[in-house]
Structures are given as C-alpha cells and as structure tokens.
1. Only one of (1) of a type in the set (S, T, N, Q); (2) at pLDDT 95 or above; (3) closer than 26 Å to A141 by Cβ; (4) open to solvent by 30 Å² or more (accessible area, probe 1.4 Å) is not met by S40, so which one is it?
2. Go through the range 146-167 and give me each residue that's crowded, with 19+ Cβ neighbours inside 10 Å, without any contact (Cβ under 8 Å) to a residue 60 or more places away in the chain and in a strand (DSSP E or B).
3. Which of the residues spanning the range 59-98 are in a loop (DSSP other than H, G, I, E, B), more than 14 Å from the chain's Cα centre (by Cα) and crowded, with 17+ Cβ neighbours inside 10 Å?
4. Name the single residue that is most open to solvent (accessible area, probe 1.4 Å) among those in the range 125-137 being part of a loop (DSSP other than H, G, I, E, B) and in contact (Cβ under 8 Å) with a residue 60 or more places away in the chain.
5. Is it true that some residue in the range 105-124 is free of Cβ contacts under 8 Å to residues at least 40 places away in the same chain, of a type in the set (K, R) and either open to solvent by less than 60 Å² (accessible area, probe 1.4 Å) or outside any loop (DSSP other than H, G, I, E, B) (or both)?
6. If I filter the range 17-24 for residues that are in contact with a strand residue (DSSP E or B) (Cβ under 8 Å, 6 or more places away or on another chain), of a type in the set (V, I, T) and part of a loop (DSSP other than H, G, I, E, B), do I get at least one hit?
7. Considering only residues of the range 193-223 that are touching a strand residue (DSSP E or B) at 6+ places or on another chain (Cβ under 7 Å) and assigned to a loop (DSSP other than H, G, I, E, B), which is least open to solvent (accessible area, probe 1.4 Å)?
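The values are calculated or read from the model by the stated rules, or taken from the named source; none is laboratory data. Remember, predicted model here, so these are calculated numbers, not experimental data. As a convention, Cβ positions derive from the backbone with ideal geometry for all residues, glycine included, and neighbour counts pool all protein chains shown. Heads up: the accessible areas ignore ligands, DNA and RNA and are worked out on the full protein's heavy atoms, side chains in. Shrake-Rupley method; radii C 1.70, N 1.55, O 1.52, S 1.80 Å.
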Amino acid sequence: MATRTAVILAAGVGSRLRPLTDDRPKALVPVGGRSILARSLDALRAVGVDRLVVASGYREDALRAALASAPFEVIFRQNPDYATTQNSVSLAMCRDALERDAFFRLDGDVVFDAEILSRLDSAGAPLAAAVDSRRALDLEAMKVRVDPHTGLVTTFGKGISISDAAGESIGIERISREAAPILFDGLERAIKGGETNLYYEDVYARLIESGKLSASAVQVGDLRWCEVDAPEDLLDAERLFGSAP
C-alpha cells in the first residue's frame, strides 16, 4: 500500500532569506509564483498522501492560513523552542501523530519532483533516504557514506569528508511503520540527554551504528530538487522550477 502520511518540518525562522521570511516561514517563500509548501503538497497528493503532519514554530499562523483549505487531514505539532533547538526536536514533537504509520519526512524548504517520493515508497527499507550522488558536495552538505556492496547507508553527517561521501542526503526520507517507534525512541533519548542541537540525521546515524535501524540510499540525482536556504538557492530553484506548474 502506498504511504498515506507525511510530515513537513517547517518550524525554523529562515533568517538567511530575510526580508522574505519576515512575515512567513521558509516553506511559504514563493518559487515561480507558488510557495515551496504548495509545490510539496502537489507532489504528496500525486503519490496518494492524504494525511499531513506539520512541525511548526515560527509564524505558525501563516502556515495555518495557507493550509486552511488544503485537501489533506492536517495536524499541527508545535515546537515552542524552535529558536533554540534543532530539527530533531521538531520531529520528536510529532511522535503521537506519526509512530503508528509509515510516513514521508520532508524538510519544509526543499522543492522537488514527485518521482522522488515514488522511488522512496518502492524501496521497502526501514529508512529510505533520497540521495544525490551526482551533485558536487561542499562542507555544509548533509552527506552519506554508503556500503558499495549492499547500497545501505552506513552513516549520515555533515562531518563526513567529501572524498569519503557517496552523495548528499537531500532532506526527504520514507520511514516504515516498523521503524517509526525506533526512530522516535532515539529522538527522545537524545532530547532527554540534553542534546537538543542534533539534526535528525545525527539520530539516524546513531541508530544505524547501534544496529537498531537500517537505511537504504535511493538515488535521485537524475531528478530535480533544490534546498532553499539562502538567496542564491532561491535563484537556483527558480531556474529549475520557475516555469514548472
């Protein structure tokens, strides 16, 4: 059965895109006349998702207004400490709405082709991560190391050396129903230990290292995607998607 639930992490301030984000989160910044969020919703609908969990924080009111008439069951979970914690905390806040189902996990600032979701849904792994092995890497990229024999991800991290990386994790995954409680247990352990500055990928890496979770790298380098963090990224997104519907 196709995955029917998705979570979008959209709690952050998006300070590098100011003044565009003075009155809205990054997910509502327009690309080609339509917001990043609207484009994500189109992709989710195209693969059969009808239930959406939104991890909110900064300007939740704007997100609620944008989703008021969306054709999804929409559930909000707020991270009140969004300004001082990382995205692992925002994801952990969604546990009660997600842990009983398989779900797609999307960063709220990624514009992408819907085919990426279809490939993840077909992978069948406990954690299927969209990976671009074609794009040139930099130090800030969230990189993956992959076992060349099995295709399984052995770790995630920005600190992986470029020479040792198999590609960039683009910020979209599918988590199976069986893996969801394992992931949320890992997130909660980190938070209870005071590690509120971790990326969710850091928690993925710990679970993989401990043998509690396995992850496959799903190659998407032939498809369009763009993470919009800064003005130059917005220009890239416009070039890729500005004329797309």
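1. Unmet for S40, out of (1) of a type in the set (S, T, N, Q); (2) at pLDDT 95 or above; (3) closer than 26 Å to A141 by Cβ; (4) open to solvent by 30 Å² or more (accessible area, probe 1.4 Å): (4).
2. Residues satisfying the conditions are T155, F156, G167.
3. Of the range 59-98, the ones in a loop (DSSP other than H, G, I, E, B) are 59, 68-72, 79-86, 93-94.
Filter once more, keeping what is more than 14 Å from the chain's Cα centre (by Cα): 59, 68-72, 79-85, 93.
Once the filter is applied, which keeps residues that are in a loop (DSSP other than H, G, I, E, B), more than 14 Å from the chain's Cα centre (by Cα) and crowded, with 17+ Cβ neighbours inside 10 Å, the range 59-98 yields R59, F72, N79, Y82, T85, M93.
4. Quick first cut of the range 125-137, residues part of a loop (DSSP other than H, G, I, E, B) only: 125-126, 133-137.
Those left that are additionally in contact (Cβ under 8 Å) with a residue 60 or more places away in the chain: 125-126, 133-135.
Details: A125: 14, P126: 46, S133: 65, R134: 173, R135: 92 Å².
Ranking the candidates gives R134 first.
5. no
6. To start, the set of residues in the range 17-24 that are in contact with a strand residue (DSSP E or B) (Cβ under 8 Å, 6 or more places away or on another chain) comprises none.
Taking every residue of the range 17-24 in turn, none turns out to be in contact with a strand residue (DSSP E or B) (Cβ under 8 Å, 6 or more places away or on another chain), of a type in the set (V, I, T) and part of a loop (DSSP other than H, G, I, E, B).
7. Step by step, filter the range 193-223, then rank; the result is V220.
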